[in-house]
Amino acid sequence: MQPSTTKPAEAGHAAIGDVVKIKEQTLLQRILASQPFWVLVALIVLVIYMSILEPSFGTVDNVANVTRNFAPFGIMALGMTVVIITGGIDLSVGSIMGLVAIVAGLFLTWEYPWYVAFFMGLLTGVICGAVNGFFVAYVGMPSFVVTLGMLSIARSLAVVFSGNQMLYKFGPDAPIVKAIGQAKFPVQTPGDWIPDWIPQFSSHFWVMIVMALVVGYYFNFKPWGRHLMAIGGNENAARLTGVPVDWIKFNAYVFSAFTAAVASLLLLGYNGSAINAMGQGYELRVIAATVIGGANLMGGAGTAFGAIIGSAFLEVIRNALLMAGIDSNWQGAFVGAFIILAVLLGMRSTGGKSLFAELWERMVPRRHR
């Protein structure tokens, strides 16, 4: 056997590549290797192209409209990202939205103060998330089964509680509820110093930004974020290192339901009414946004920035299709294609090679190459 030609490391020093067979990356290399970055690039290119093709696309009003439309999905995508990082999935967020809206709407029709109604709505969402988290984390049931069951339970309860009717008589606090959901910042008034070309972003958008900053902070600087990544990377190894796996997973599902409740209450105020069908089908779009934004469905990867960018990307596509006069029925086809592409871009083989290189080696034998 021939002796190794690898140059020995100096005493007391070891190159990372020699120890774990990976290379250190610069900040620029990490950014260029990041899926959310390339989704952002694609988003910018799409916005520029559509602004040239259809001038009304880049108007202040349309920008405000787009940001308001994707903000609730961005809020929910933050919670979904937390769950997906642990290797789970939450199919119940859309139904939880409907139940939260009905519960809050009922308390408003009973003429309770708006803050009591909102608190009861949030509490309802948190309870749903706690049920999901308990069965997934402590009982050990698959998240797909548990949250699929909650999807049906929450939607059924919303129909029963509402009597299958729309709730819109919100009592004396109705103006406050609508103001919360319909508020725009910065406020532009005649003679104001704020120029007209700055969009008036909705309260939904600003809530999303604040929540994204908080979640991003926890992902990067708090043990909770590191524990989430560890659980998604290797749950057994995380247990052996002392990570409170069950508690962290429980928290993830509670937080996911909480974000769905927040989005529901904002939409309740914006619409000025509550219907039990609110959020129907939203879970698929939220999952799509997180995957496009770089969250790994196998767990261990995801960012708050990616959740927001993925949500914005889907809404810009939807808005662009409408502006271009393309049949809205094609929207699902475009979204599905981008989901598949996003997963392909994020895949890596066990040997660290790209997906395309691995497929080439599998399809073409070495002797023919």
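The values are calculated or read from the model by the stated rules, or taken from the named source; none is laboratory data. The structure displayed is predicted, hence computed values, not measured ones. Counting neighbours? That spans all protein chains shown, and the Cβs are built from the backbone with ideal geometry, glycine included.
Residues that are within 24 Å of Gly87 (Cβ to Cβ) and surrounded by fewer than 24 Cβ atoms within 10 Å (Cβ to Cβ) within the range 263-278 are absent altogether.
Does Ala117 satisfy the criteria of being in contact with a strand residue (DSSP E or B) (Cβ under 7 Å, 6 or more places away or on another chain) and among the small types (Gly, Ala, Ser)? Full working, then the answer.
Working: in contact with a strand residue (DSSP E or B) (Cβ under 7 Å, 6 or more places away or on another chain): no; among the small types (Gly, Ala, Ser): yes.
Against the criterion (in contact with a strand residue (DSSP E or B) (Cβ under 7 Å, 6 or more places away or on another chain) and among the small types (Gly, Ala, Ser)), Ala117 does not qualify.
A residue that is closer than 23 Å to Tyr168 by Cα and not in a loop (DSSP other than H, G, I, E, B) cannot be found anywhere in the range 134-141. For the range 207-255, a residue qualifies if it is hydroxyl-bearing (Ser, Thr, Tyr) and either within 20 Å of Ile309 (Cβ to Cβ) or outside any loop (DSSP other than H, G, I, E, B) (or both), and the qualifying residues are Tyr217, Tyr218, Tyr253.
Against the condition in contact (Cβ under 8 Å) with a residue 60 or more places away in the chain and among the polar types (S, T, N, Q), how does Asn236 come out, does it pass? It is false that Asn236 is in contact (Cβ under 8 Å) with a residue 60 or more places away in the chain and among the polar types (S, T, N, Q).
Report those helices (runs of 4 or more DSSP H) wholly inside the range 1-92 carrying at least 3 residues which are out of contact with any Cys (no Cβ under 8 Å at 6 or more places or on another chain) and modelled with pLDDT of 85 or more.
On the way: elements: 16-20, 27-32, 35-53, 60-85.
By residue number, 35-53, 60-85.
Against the numbered list (1) closer than 14 Å to Ala71 by Cβ; (2) without any contact (Cβ under 8 Å) to a residue 12 or more places away in the chain; (3) hydrophobic (A, V, I, L, M, F, W, C), Ala212 comes up short only at (2).
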